[in-house]
Amino acid sequence: MCFLSKLPVVLWLAATSAQALDLSVPYLRDGLPYFDADGAAGFGAIVGHIEVRGAEGNGIDGFDGHRHGGLGPNPGDLYYGSFGYRDVQDFSGANDPTDNNFHGTFVAGVMAGEYTSVSDGTHSAPFLGVAPLALYYGAIFDGSGTKEGFLSLNSSLHYVLQVSGASVVNNSWGSNPTDAAQLNGSSFGESLLMDEYAGYAGKAGGTTHGYLDRLMVISAGNSGEDTGLLGSPADSFNGLSVGALDVVNPAASGLFDTGRAPVARVAPYSSWRPLADGRAGVHVVAPGTNLWSTLAINYANQNDLVAGVASGTSFAAPHVAGEAALLYGATSGLFLTDKGTLLFGADHKLIKALIINSAVKIPGLDATGAAQTTWQPGLVTTTNGVPNAVVPLNYAVGAGSANAREAFEQLREATGSFWEMDTLLTSGTERFYTFGTGKFVSGSPDQPFLLSLTATLVWDRHVDFTVSTDPLDESLGDVTKDLLSNLDLILQQETAPGVWEDVYMSAGTLDNVEHIYLPALAAGANYRLDVRGTAIAEPAIGENYALVVAYGTVPEPGVAGLLILGVFVVGARRRAQRGARIS
């Protein structure tokens, strides 16, 4: 690997501790270093943080609200302003972004905390967030549910994304629906706005007038013990929805109490119900229960409090936003993967696919809320006799528990992993990826030792949503485009020379994520993946997708990677080869 333009800051911080106090952050990072020459601390990434004002007086205490004791540079010092919270703006009408509650500053600490130490009177240790070297911009909007509130959300997104240039935005807020009929395929204005700002390749209309290429990280909600429903904007298509993990001992709250360590099960409060259109609304889960994080300076009218404890998917989401910041930071300079792919920046679909594909499989819940003993897709049927995961993610835990180290390993295309960005232009076309020697080679397959497979395919919903900025206009705006391509991800096995049969597929019609997890495959067979463009929504611009793959093999000298065979029209040739609220 080769990493450039990160070294000066990395060296300047090399003497600081590489351990976080909170049990949750090391769980997510899984040993991924904070400050080293590969830039994995997120330096170079820009993160947006959207907070809803609410009656409680939520805001975000910025640079001085999430750091203490001079761990980072002070005003006037070298590198001051190159990481941490650069600015927080209030678009709620209060004209004061100060946090008089705790929520926004608590979220900030999970991502960006920089504390020399916190103490319980007996023990003390440093506290660092997931991505303390990223640069953060915050924005506060009015959560009243009025037209003015919606416009303040639009202004907040515009500020952190188009003015400040954030690549990833944390959204630890959302509606709390009481009826499943409310979730009708992301017609909520807030959900459409998320998809509008995330964008799609080739976008030229809507409010943004172009492809912003942004990742929206959204908390799934806390209705698990009530209705279980996910609300808006967690039901958006282009965002990444995050549920929360439980802990060893739900009663544990002490700063150094190991009972607060996350465990491999979903928290009971985390929303889990299938969306009304059948999709699984959760993409991954992350630590969110009994977390210690930073408190607002004015919390409880005191200014000497450093950290406190809280639970919620609000605090799981910034773990994943921080994970995305680590990945964006790694690619903010020239990044050369182990398989020779050169990157300078990363598409949000790739970051989303990496986070999903690298998640650790843990037991989830079925569509009724019953606990499962192993990870299972939401719904598996059969298509032409082939198992088909039409709801490929688990309803409660998505693809599993987020893991930053594994995501970074798959980003760098370490042994047993690869990724690809490509475009399908015409309905009925497909691309094949056959396991072979090296990432892109010619010749026939030569890897009959594939034993396991995890693969994730991500593309974007095409939404052009033009916000009505007239406060007297009761409508939120106009949707002039709402299109979704149907891409399928299929595993095929070579049953005879040149004859390939479908053996497993993720071929749902409702979503823009396909996922295959097969922990055990028949040894001694040749396999390939088929990305099939069953229906391309806009052939004039095509459908750009990200594919991430991780696989296990019997060790063989020099065996790694995939072979792309090309683009073929679905039809007779392949069959012959196979044989036989806008309001």
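Side notes on the structure shown:
Rundown of residues vs (1) touching a His at 6+ places or on another chain (Cβ under 7 Å); (2) farther than 18 Å from Asn512 by Cα; (3) surrounded by fewer than 21 Cβ atoms within 10 Å (Cβ to Cβ); (4) among the charged types (D, E, K, R), yes/no style:
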residue: Leu365; (1), (2), (3), (4): no, yes, no, no
residue: Thr368; (1), (2), (3), (4): no, yes, yes, no
residue: Ala371; (1), (2), (3), (4): no, yes, yes, no
residue: Thr374; (1), (2), (3), (4): no, yes, yes, no
residue: Leu379; (1), (2), (3), (4): no, no, yes, no
residue: Asn384; (1), (2), (3), (4): no, yes, yes, no
residue: Pro387; (1), (2), (3), (4): no, yes, yes, no
residue: Val391; (1), (2), (3), (4): no, no, no, no
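- Only one of the listed residues (Val263, Val247) is farther than 27 Å from Ser155 by Cβ, surrounded by fewer than 24 Cβ atoms within 10 Å (Cβ to Cβ) and hydrophobic (A, V, I, L, M, F, W, C). That residue is Val263.
- Wholly within segment 73-169, strands (runs of 3 or more DSSP E) carrying at least 1 residues that are under 22 Å from Leu32 (Cα atoms) and aromatic (Phe, Trp, Tyr): 114-119, 124-128, 135-141
- Search result, residues across segment 42-60 that are assigned to a strand (DSSP E or B) and within 19 Å of Glu190 (Cβ to Cβ): Gly48, His49, Ile50, Glu51, Val52
- Scan of segment 328-363 for residues that are modelled with pLDDT of 95 or more, among the aliphatic types (A, V, I, L, M) and in a helix (DSSP H, G or I), ordered by number: Leu350, Ile351, Ala353, Leu354, Ile355, Ile356
- Filter pass, Ala316 being modelled with pLDDT under 90 and either outside any strand (DSSP E or B) or on the phi > 0 side of the Ramachandran plot (or both): no
- Set Thr207, Thr146: member being in contact with a helix residue (DSSP H, G or I) (Cβ under 9 Å, 6 or more places away or on another chain), among the polar types (S, T, N, Q) and farther than 23 Å from Phe106 by Cα: Thr207
- Residue list for segment 367-399, filter: part of a loop (DSSP other than H, G, I, E, B) and touching a Gly at 6+ places or on another chain (Cβ under 8 Å): Ala367, Gly369, Gln372, Trp375, Gln376, Pro392, Leu393, Tyr395, Ala396, Val397
- Across segment 460-475, the qualifying residues are those that are closer than 15 Å to Gly239 by Cβ and among the charged types (D, E, K, R), and the one among them that is surrounded by the fewest Cβ atoms within 10 Å (Cβ to Cβ) is Arg461.
- Of residues in segment 95-127 being hydrophobic (A, V, I, L, M, F, W, C) and within 21 Å of the chain's Cα centre (by Cα), the one farthest from Arg405 (Cα to Cα): Phe106
- Criterion (modelled with pLDDT under 95 and closer than 28 Å to Thr208 by Cβ) met by exactly one of Leu487, Leu521, Leu547, Leu510: Leu510
The values are calculated or read from the model by the stated rules, or taken from the named source; none is laboratory data. Remember, predicted model here, so these are calculated numbers, not experimental data. Ideal geometry is used to build each Cβ from the backbone, glycine not excepted, and the neighbour counts take in all protein chains shown.
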